[in-house]
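**Q** Here it is, the structure in full.
Where a number appears in this text, it was derived from the coordinates with a stated rule and is not lab data. The model shown is predicted, which means the values in this text are computed figures rather than measured ones. As a convention, Cβ positions derive from the backbone with ideal geometry for all residues, glycine included, and neighbour counts pool all protein chains shown.
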Amino acid sequence: MAWREFTSTVGTRGFFIGVVIFPLIMVVGFALVPALITNQPPPVRGRVAVIDPTGRLAGEIERGILERAAESGGPEGAIARAQQLASGAQGNGATAGQALEIAQGVVAGASAPELRVEVLPDDTDVETVKAELYATKADASRAMLAVVQLDPNALTADADGQYGAYRVYVRAKLDARIDRQVIRPAVNRAITDARQRDIGLDPERVRKLTAVVAPQAQVVTAGGERDSSGAAQILLPLGMLMLLWIASFTGGQYLLTTTIEEKSNRVMEVLLSSVSPLQLMVGKIVGQMGVGLLVLTLYGAMGVVGLVSFSLGDELSTSELGLLLAYFLIAYFLIASMMAAVGSAVSEVHEAQSLIGPIMLVVMLPMIFSTAIITNPNGTLAAVASFVPPFSPFVMVLRVGAAEPVPGWQVAGSIAVGLASVCVASWAAAKVFRIGVLMYGKPPNFWTLLRWVRMA
């Protein structure tokens, strides 16, 4: 029975397309995405107004904004960005030729800025100028992008030694990089340089003295050293969660649909003439478990190859793979038990939606709280949820894949709780399956299923 269930599922064209072709499409997509995106800010077109009550900073700010605009959009900035991206690409395993292609693409895409800085009188009404930020201009080069208003005491300290600052008002939906990379650095540099000159310091010398190149942290492993990847510490547990989710729900969903189809086509009656309801349910669950394991193996192998290709293979240990398998079995049998019970109780797929919907919402909660669990894997939320079925397997793969180790007793305890919950879910599903598999007519509600569990 289990082999029949497995072969009837994996032998279909839909399974091949969904489980084999779809991952290949994802791989091709991930390979093309880096070539389609860019960190280059959009061309800077428009006006920036500067109101300087100090009377000393407007010129410096104007020069700084224009220089940074040229660097961010012109060849000089493109070359700097190209060097940075090429270096990062080689650090992630790209060849020298691939890194060169990235650099050439960035330089080729460089665009010259179209920006004008307008220095306004000290007594300018700021509200009037701010109104231009939301005014519509037919000519984009005439649009007001930002208004910089300096405090009168930006260069003079008060009795407590505190200096004034400045405010920046920007146009709605202005690219944040223009503010971060062009306007604010220019204003900050102009203010700090003027303050340093006022106390007899050379701003350029101060910059050289205070400039320290931060080194890239190196991860030391048995296979050597590599650059530390903070992203991997977030993506690895998320990847394990998605892998567990896809594998367990693929088998569970096929179990639900095949059970409903066999019942509605009266095939179930023929099968029950040769096996008992319990044997039929167990065979279907075990057969679809093979489907889930196949999906887990295919997708998991792709993930491991991806980690190795980026020199991150040591981020995933064999013990983590073993725990992933253990939690898959727990998650699958929990979900499969519920799917088998619901599938046996209804005659149409649409009738199952009202019963499956709450189950899906409950199991999705670990995904909703995944960020909180990954950042604090030994916190109260993660620790408590690890012992609450059906959250337990999904929460534990997040904790196991996170950077902070999980206490061994919690791993063992979560597995014990998971096995106990599987026994209870299988027992309840067997009772519902025995009654519902040969019942037709009005579909039961949740409370009817509970009554079947008590009466069977």
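**Q** Extension gain GLN253-ASP151, at 0.36 nm per residue separation less the Cα-Cα distance, in nm?
**A** Value of the extension gain: 30.4 nm.
**Q** Another one. Could you name the lysines in cross-link range of LYS130, using Cα to Cα under 23 Å and dropping any fewer than eight places away on the same chain?
**A** LYS173
**Q** Where the centre of each part is set by its Cα atoms, how far does segment 164-193 sit from segment 385-456, in angstrom?
**A** 55 Å
**Q** Right, next: What translational diffusion coefficient, to the nearest whole µm²/s, does segment 361-447 have by Stokes-Einstein, given a Kirkwood radius computed over alpha-carbon pairs, a temperature of 4 °C and 1.567 mPa s viscosity? All intermediate terms of the calculation are to be shown ahead of the outcome.
**A** Values: Rh = 14.6 Å.
Using the Kirkwood radius from Cα pairs, D works out to 89 µm²/s.
**Q** Report the local net charge at VAL453: Lys and Arg +1, Asp and Glu -1, summed over other residues whose C-beta lies under 11 Å from its C-beta.
**A** Here the count lands on +4.
**Q** Less than 18 Å apart at the alpha-carbon level, and either on another chain or at least 8 residues along: which aspartates and glutamates does that give for LYS208?
**A** In chain and number order, the partners are ASP193.
**Q** Same structure, new question: What is the sum of charges, Lys and Arg at +1 and Asp and Glu at -1, for the other residues whose Cβ falls under 14 Å from the Cβ of ASN376?
**A** Net of charged neighbours comes to 0.
**Q** How would ARG454, ARG47 line up from fewest to most surrounding beta-carbon atoms within 10 angstrom?
**A** The most exposed by this proxy come first: ARG454, ARG47.
**Q** Which order do peptides 10-22, 260-272 fall in by mean Cβ count within 10 Å, highest first? Intermediate values should be presented prior to the final figure.
**A** Details: 10-22: 12.3, 260-272: 15.2.
By packing density, highest mean first, the sequence is 260-272, 10-22.
**Q** Follow-up. Non-local amide H neighbours of ALA143 (under 5 Å, H modeled in plane, Pro and chain starts lacking H): which ones?
**A** Counting only residues 5 or more places away or on other chains, the set is ARG47.
**Q** On to the next question. Tell me, what is the FRET efficiency for PHE16 and THR371 to the nearest 0.05, using R0 = 51 angstrom and their Cβ-Cβ distance as r?
**A** 0.90
**Q** Excluding residues fewer than 8 places away in the same chain, name every one of the lysines whose C-alpha is closer than 23 Å to that of LYS284.
**A** Cα-Cα hits under 23 Å: LYS263, LYS431.
**Q** In segment 440-456, which residues have a backbone nitrogen under 12 Å from the label point lying 7 Å from VAL424's Cα in the Cα-to-Cβ direction?
**A** Counting backbone N atoms under 12 Å from the label point, the list is empty.
**Q** Starting from the Cα-Cα distance between VAL305 and GLU114, subtract it from 0.36 nm times their residue separation and give me the gain in nm to one decimal.
**A** Contour length minus Cα-Cα distance gives 64.2 nm.
**Q** Please compute the Kirkwood hydrodynamic radius of segment 255-294 from all pairs of different C-alpha atoms, in Å with one decimal.
**A** 10.5 Å
**Q** Which length gain, in nm to one decimal place, applies between GLN410 and ASN378 when the Cα-Cα distance is subtracted from 0.36 nm times their residue separation?
**A** Length gained between GLN410 and ASN378: 10.5 nm.
**Q** Same structure again: For the pair VAL212 and SER276, how long in nm is the line joining their label points, each one 7 Å along Cα→Cβ?
**A** So the two model labels end up 7.4 nm from each other.
**Q** At MET364 and LEU321, where each label point lies 7 Å from the Cα along Cα→Cβ, what is the point-to-point distance in nanometres?
**A** 3.3 nm
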